[in-house]
Amino acid sequence: MNNNTLYRTLYLIRRFEETVLEEFPRGIFYGTTHTYIGQEADAVGVLSSIQPEDIVVSNHRCHGHFLANGGETRALFAELMGRTTGVCGGRGGSQHLYWKNFYTNGILGGTIPIATGMALAEKYKGSQAITVNFLGDGAFGEGVVYESLNMAALWSAPILYVVENNHIAQSTSIELNLAGKIAKRFAAFDIPCHEITTSDVLEILTNAKEIIQEVRNKSVPRALIINTHRFGPHSKGDDTRDLNTIDTMRLNFDPVEIHGLRLTDESRQEIENEVDHHIRTAFEEALADPLPTITNNLIN
């Protein structure tokens, strides 16, 4: 995947999420939403190395994973709006998507047993598909995570656990909610774990590609911890961090800017213009799509 293509996907996710936050106060989206602003390189870097038959299991912060995996922008907007043209016909909303081999679940920690079971199912079927499971640092407070890691290690599940450690669980910093080191949680089950601290999509892509090959070739569980940064609130407005802290994050760790510097000014502007038009068109088309018909029929 060339630099222009990578940048287009990074910028697409950024503009989608910014549009969601900008438009949410109008009341056109249903439920809540958790944006991916600042973490775009994680999804793009990891999912650039998977195969079409591979399975991706995401969590509540899933828009970036969906778009990086090739999901349609208009369908995602429509899903958040509750429209019949949405990814799941408007029934899943922001956190619960199902499309091809892509699945999400809004229950904290609830994706890990699902993803582990899917990986084992592919192993027993004899396919070459692996499973990629995205989870956050906050999920390590859930006991089912450790039960799943135990099974994955015992039964050699072909799965890559991608931990997006943004160091804050909702509004609580990691220093106040997690004892010890995340890498040692995997070590306890003899699952090799690689940890990187970067917002550079190329660095993530290089590391993920090597680990994904190992998972596939050896049919084993592996973990990749990406120390990353969430620029936006946990959901829509629950952010208690100092604004200067967020500004510093944006200045030093913005994945869109980091990769954008590799492009010529002309190429970058062309991509941004195309994506801005695409986002606006997809949003307006989704907004014009039909809502489900509500009937008064009762089930006896």
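Some observations on this one:
- Segment 58-179: proportion of alpha-carbon pairs further apart than 17 angstrom, %: 59
- In the chain, taking the dipole from charged Cβ atoms about the Cα centre, the farthest positive-side position among 161, 62, 240 is held by 161.
- Of every Cα-Cα pair in the chain, the percent that sits beyond 32 Å: 25
- Whole-number D in µm² s⁻¹ for segment 181-245, Kirkwood Cα-pair radius fed into Stokes-Einstein, 10 °C, 1.306 mPa s: 113
- Between 229, 139, 259, the Cα set farthest toward the positive side of the dipole of segment 132-283 (charges on each charged residue's Cβ, about the Cα centre) is that of 139.
- With a cut-off of 11 Å between beta carbons, the residues surrounding residue 3 carry a summed charge of +3, where Lys and Arg count +1 and Asp and Glu -1.
- At least 18 Å along the helix axis (C-alpha) and Kyte average at least -1.0, DSSP helices within the chain: 3-23, 111-125, 143-155, 201-218
- Counting only heavy atoms of the protein chains and using a 1.4 Å probe, residue 238 has close to 40 Å² of accessible surface.
- Dimensions (Å) - segment 150-289, Cα atoms, principal axes, largest first: 49, 38, 37
- Simple point charges give the picture: +1 on the Cβ of Lys and Arg, -1 on the Cβ of Asp and Glu, and for segment 1-111 a dipole about the Cα centre of about 220 debye.
- Among 3-12, 158-167, the peptide with the highest mean count of other Cβ atoms within 10 Å heads the list, and the full ranking is 158-167, 3-12.
- Using a simple spin-label model with pseudo-atoms 7 Å out from Cα toward Cβ, residue 150 and residue 84 lie 4.8 nm apart.
- Accessible area of residue 246 in the full protein assembly, 1.4 Å probe (Å², nearest 10): 20
- Sorted on the mean count of surrounding Cβ atoms within 10 Å across their residues, most packed first, peptides 183-193, 37-47 read 37-47, 183-193.
- Qualifying chymotrypsin sites (Phe, Trp or Tyr not before Pro) in segment 191-300, DSSP loop, other Cβ atoms within 10 Å at most 15: none
- Helix-only mean residue ellipticity at 222 nm for the chain, each DSSP H run of n ≥ 4 adding -39500 (n - 2.57), per residue, nearest 500: -14500 deg cm²/dmol
- For segment 135-224, a simple Cβ point-charge model (Lys and Arg +1, Asp and Glu -1, everything else neutral) yields a dipole of about 260 debye relative to the Cα centre.
- Lys, Arg +1 and Asp, Glu -1 on Cβ, resulting dipole of segment 59-179 about Cα centre, debye, nearest 20: 480
The values are calculated or read from the model by the stated rules, or taken from the named source; none is laboratory data. Not measured: the values here are computed from a predicted model. A quick note on method: Cβ atoms are made from the backbone with ideal geometry, for glycine too, and the neighbour counts reach across all protein chains shown. Keep in mind that these areas ignore ligands, DNA and RNA; they rest on the heavy atoms of the full protein, side chains included. Shrake-Rupley method; radii C 1.70, N 1.55, O 1.52, S 1.80 Å.
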